[in-house]
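One structure below.
Any read-out appearing in this document is the output of simple, stated calculations on the displayed coordinates, not a laboratory observation. In this text the structure is predicted, and so the values were computed from the model without any measurement. Using ideal geometry, Cβ is built from the backbone for each residue, glycine included, and neighbour counts are taken over all protein chains shown.
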């Protein structure tokens, strides 16, 4: 059921996804075609905020902080997975894999490579502060507009 907590959580994670996406772009190799990188990450943030964080609101301050951390972690997992799957799909169209299992396992290798690339202090700090603010804002919205 739609409520203010779900909306605030979705908007909060969308903003975090937008900021982090802009921070990630300079870390990638020069000439990288980003295509739908930012809008796709924003959509992942909206869905994770609505589904993961929104339904867990209303349990107190400490669970709210944990809710924000969980929401950001789930968003990062799905973001890395989707971006890895997209790159795997592009590589599979160039016939770089010998079979489907090799292609599917490469999704996780690519996701780990991306994860290592973006594991820099400014992105980690942005994610942690964003998780804190998103969790507390979601809890505030739940308490204010039940």
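Can you tell me which residue among 104, 112, 127, 80 is part of a helix (DSSP H, G or I), free of Cβ contacts under 8 Å to residues at least 40 places away in the same chain and surrounded by 19 or more Cβ atoms within 10 Å (Cβ to Cβ)?
Numbers: 104 fails: surrounded by 19 or more Cβ atoms within 10 Å (Cβ to Cβ); 112 fails: surrounded by 19 or more Cβ atoms within 10 Å (Cβ to Cβ); 127 fails: free of Cβ contacts under 8 Å to residues at least 40 places away in the same chain.
Only one candidate qualifies: 80.
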- Among what's in region 115-124 and is assigned to a helix (DSSP H, G or I) and out of contact with any helix residue (DSSP H, G or I) (no Cβ under 7 Å at 6 or more places or on another chain), pick the residue that is surrounded by the fewest Cβ atoms within 10 Å (Cβ to Cβ). 121
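If we keep just the residues of region 64-77 that are out of contact with any helix residue (DSSP H, G or I) (no Cβ under 6 Å at 6 or more places or on another chain) and crowded, with 17+ Cβ neighbours inside 10 Å, which is farthest from residue 21 (Cα to Cα)? Can you show your working first?
Taking region 64-77 first, the residues out of contact with any helix residue (DSSP H, G or I) (no Cβ under 6 Å at 6 or more places or on another chain) are 66, 70, 73, 76-77.
Of the ones still in play, those that are also crowded, with 17+ Cβ neighbours inside 10 Å are 70, 76.
On the way: 70: 19, 76: 11 Å.
Among those that are out of contact with any helix residue (DSSP H, G or I) (no Cβ under 6 Å at 6 or more places or on another chain) and crowded, with 17+ Cβ neighbours inside 10 Å, it is 70.
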- Looking at region 89-101, is at least one residue in contact with a helix residue (DSSP H, G or I) (Cβ under 9 Å, 6 or more places away or on another chain), in a helix (DSSP H, G or I) and touching a residue at least 40 places away in the same chain (Cβ under 8 Å)? no
- Query: Residue check: is residue 58 surrounded by 16 or more Cβ atoms within 10 Å (Cβ to Cβ) and in a loop (DSSP other than H, G, I, E, B)?
  - Reply: yes
- Message: One residue is enough: does region 5-24 have a residue meeting the conditions on the phi < 0 side of the Ramachandran plot, in contact with a helix residue (DSSP H, G or I) (Cβ under 8 Å, 6 or more places away or on another chain) and in a loop (DSSP other than H, G, I, E, B)?
- Response: no
- Filtering region 20-37 down to residues that are over 11 Å from the mean Cα position of the chain (by Cα) and touching a residue at least 12 places away in the same chain (Cβ under 8 Å) yields 22, 23, 24, 25, 27, 28, 37
- Which one of these does residue 87 not meet: (1) under 22 Å from residue 130 (Cβ atoms); (2) within 19 Å of the chain's Cα centre (by Cα)? (1)
